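The values are calculated or read from the model by the stated rules, or taken from the named source; none is laboratory data. Since the model is a prediction, treat every value here as computed from it, not as a measurement. FYI the Cβ positions are ideal-geometry reconstructions off the backbone, even for glycines, and counts take in every protein chain you see. The area values use the complete protein model at the heavy-atom level, side chains included, leaving out ligands, DNA and RNA. Shrake-Rupley method; radii C 1.70, N 1.55, O 1.52, S 1.80 Å.
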Amino acid sequence: MAQDEGSSLPIASMLKHGEIKILVIEDDKFLRELLVGKLKKEGYATTEAVDGEEGLGAAKKDPPHLIMLDLVLPGADGFEILQDLKNNPNVSKVPVIVLSNLGSREDIDRALSLGAKEFLVKAHHTPQEIVDTIKKVLDASYFQK
Amino acid sequence: MKFKIRYSLFFRFFWTLVALSVVPMAISAFFFVATYHARIADRVSQAVASELLQNAAIQFFLIFLFVLIIATFAAYLISRNISRPLRTLTDAARRIGEGDLNIKIHITRKDEIGTLGEFFNEMVGNVKEVQERQAVISQLKSEFISIAAHQLRTPLSVMKWSHQILLDGDVGEIPPKQREMIEKADLANESMIKLVHNLLDAAGIEEGKFGFKFEEMDIVSFLKNLCEQKKLLAENKQVVLKLGSGVSGTGNITGDAERLSMAIGNIIDNAIRYTPSGGTVEVDMKIEPSAIIVSVADTGIGISAEDRERLFTKFFRGASVRHLETLGTGLGLFIAKNVISSHNGMISVESEKGQGTTFFIRLPREHPPEKMPVAKSFESFVRGI
């Protein structure tokens with residue numbers, strides 16, 4: 001059902017050509033590989049970063065269409081990275097989906113008030129659900145304006 | 001200024017001083033009149049006597065005016081000397097009451113007021129120290145809980161994602177028998193995820209006791225949405241989930257829709273889970289003048305009288321449920337009860353073994369101001385754990 005919904009979005013044709021770039025900032029190697037594998041299979045071009053600073057650098061160097069951001073990261077945490085992203089005029093418009101295993105309302109409110117589009121708790125969503133959310137966020141950010 | 005002017009220090013001093021001066025004046029006047037009558041009145045002429053009397057009256061009046069002026073002045077000086085430092089202390093105490101502990105009052109005097117000031121500063125220092133220590137402890141607790149949640153969930157999400165990617169066939173087709181096994185492993189993993197979630201919930205961390213957001217909400221559309229969400233679960237179990245005739249029109253209450261959806265959702269989940277295939281779960285509501293009563297009735301296995309008593313306690317699972325081998329953490333109804341009581345509501349149950357169970361959730365339509373649900377701050381909540 002979710003996939004049908006996805007293919008009706010205008011994003012579908014862009015996906016076929018691998019034109020949509022997603023930056024995945026995630027320190028857990030295996031989780032990152034699983035997510036990147038799923039995204040590639042769906043037709044996204046992906047960039048990976050293992051910590052916040054690397055992610056920030058990658059985002060500034062080549063602004064992606066969307067950023068998947070973990071919160072608990074070595075070095076600067078995801079909240080700081082999110083703030084830096086939103087303060088940088090080049091990437092402040094790039095939608096950010098927070099994907100973390102933190103999930104208190106305090107954390108969620110904080111991330112959303114800093115400008116994240118969605119907050120997904122890793123353990124509560126399957127890779128497919130995450131992909132569906134990415135599609136929705138991309139569609140809302142780029143195609144419904 | 002809260003106190004009335006006639007109770008102020010100035011007026012107390014003023015009246016005291018006036019009284020102190022008027023009393024000797026009155027005594028002197030008394031003696032003067034006495035002397036006048038005894039010695040002077042019959043020795044001088046009528047004209048001289050009345051002149052003397054008039055003079056004396058004017059003298060006393062002028063002295064009285066002078067006393068009033070001096071008393072006003074003196075009372076002002078004395079009261080200012082005492083009330084100024086007192087006002088400083090009052091202001092400081094008020095600010096402390098409002099939670100500002102960055103206060104040090106400057107009183108250099110060596111008298112009783114100076115001592116009071118010293119003790120005051122000392123007390124503020126102590127309170128501040130206690131408060132800072134509390135804040136550190138709260139911070140530690142909240143960090144510990146966040147870390148625990150994160151550490152528990154990370155391996156669980158690794159398993160969940162691996163299972164799902166295998167089941168999605170992303171890394172090659174899998175034979176039916178293996179698929180079945182992965183599905184079972186995933187189901188067990190899901191129950192573990194739910195357990196972590198419920199534990200955090202039961203501790204009130206994620207959805208439970210703090211941070212309620214109370215808003216005006218329509219219970220009718222709320223129940224319709226909720227049943228829509230539970231439809232799939234019911235279909236999988238081949239149980240008919242339907243809305244009763246009472247769910248129509250509008251019914252406004254003040255509540256936290258997200259928490260209520262978890263609480264009533266848990267009850268509907270249970271009803272579906274413990275109703276055999278072919279059974280029915282009916283969600284209905286009734287509007288009473290002061291409250292809305294939501295009911296969830298199933299045609300399931302029922303709950304025995306002794307189990308009913310402990311139904312809403314933490315980790316309790318009914319005897320008849322345990323050997324059904326269903327997944328469950330024993331936290332669902334505990335959480336539901338907490339959420340409902342935070343809404344000043346009540347939850348009750350009627351059941352007949354083998355006949356089915358009906359849960360009644362009573363939600364008041366209006367809250368008296370003193371019982372108006374208030375959101376607890378995270379800080380105050382964590383302190384209470």
Q) Which whole-number percent of Cα pairs in region A:14-143 have a distance greater than 18 Å? A) 47
Q | In Å², nearest 10: area of A:Tyr142 left accessible to a 1.4 Å probe | A | 100
Q.
Checking an interface number: how much accessible area is buried between A and B, summed over both chains, with a 1.4 Å probe, in Å² rounded to 100?
A. 2300
Q. At B:Lys104 and B:Val44, where each label point lies 7 Å from the Cα along Cα→Cβ, what is the point-to-point distance in nanometres?
A. 6.9
Q.
I need the phi-derived Karplus couplings for region B:242-256: 6.51 cos²θ - 1.76 cosθ + 1.60, θ = phi - 60°, integer Hz, Gly and Pro marked x.
A. 9, 9, x, 5, x, 7, 8, x, 9, x, 8, 9, 9, x, 9
Q | Subset of A:Lys29/B:Lys160; A:Lys40/A:Lys60; B:Lys104/B:Lys128 violating a 19 Å alpha-carbon distance limit | A | A:Lys40/A:Lys60
Q: About the Cα centre of region A:14-143, how large is the charge dipole given +1 on each Lys and Arg Cβ and -1 on each Asp and Glu Cβ? Please answer in debye to the nearest 20.
A: 540
(Q) Under the rule of at least 5 residues apart or a separate chain, name every residue whose amide H is placed under 5 Å from the amide H of B:Leu241. (A) B:Val281
(Q) To make sure I understand the rule: partners must be aspartates and glutamates, Cα under 17 Å from the Cα of A:Lys135, and not fewer than 8 residues away in the same chain. Which ones qualify? (A) A:Asp4, A:Glu5, A:Glu19, A:Glu42, A:Glu118
Q. What whole number of Å gives the distance from the Cα centroid of region B:268-304 to the Cα centroid of region B:94-115?
A. 61
Q | Rg in Å to one decimal, and Dmax rounded to a whole Å, for region B:1-105 via C-alpha atoms | A | 23.4, 78
Q. Each residue of region B:82-96 in order: what ³J(HN,Hα) in whole Hz does its phi give by Karplus 6.51 cos²θ - 1.76 cosθ + 1.60, θ = phi - 60°, with x for Gly and Pro?
A. 8, 7, 4, x, 5, 5, 4, 5, 4, 4, 4, 4, 5, 5, 5
Q.
When the expected Rg is taken as 2.2 N^0.38 Å, what fraction or multiple of it is the alpha-carbon Rg of region A:15-73?
A. 1.05
Q. Short version: ³J(HN,Hα) in whole Hz for each residue of region B:123-137, in order, from phi by Karplus 6.51 cos²θ - 1.76 cosθ + 1.60 (θ = phi - 60°), x for Gly and Pro, what are they?
A. 4, 4, x, 5, 4, 4, 4, 4, 5, 5, 5, 4, 4, 5, 4
Q) How large is the accessible surface per residue of chain A, computed with a 1.4 Å probe and reported in Å² as a whole number? A) 45
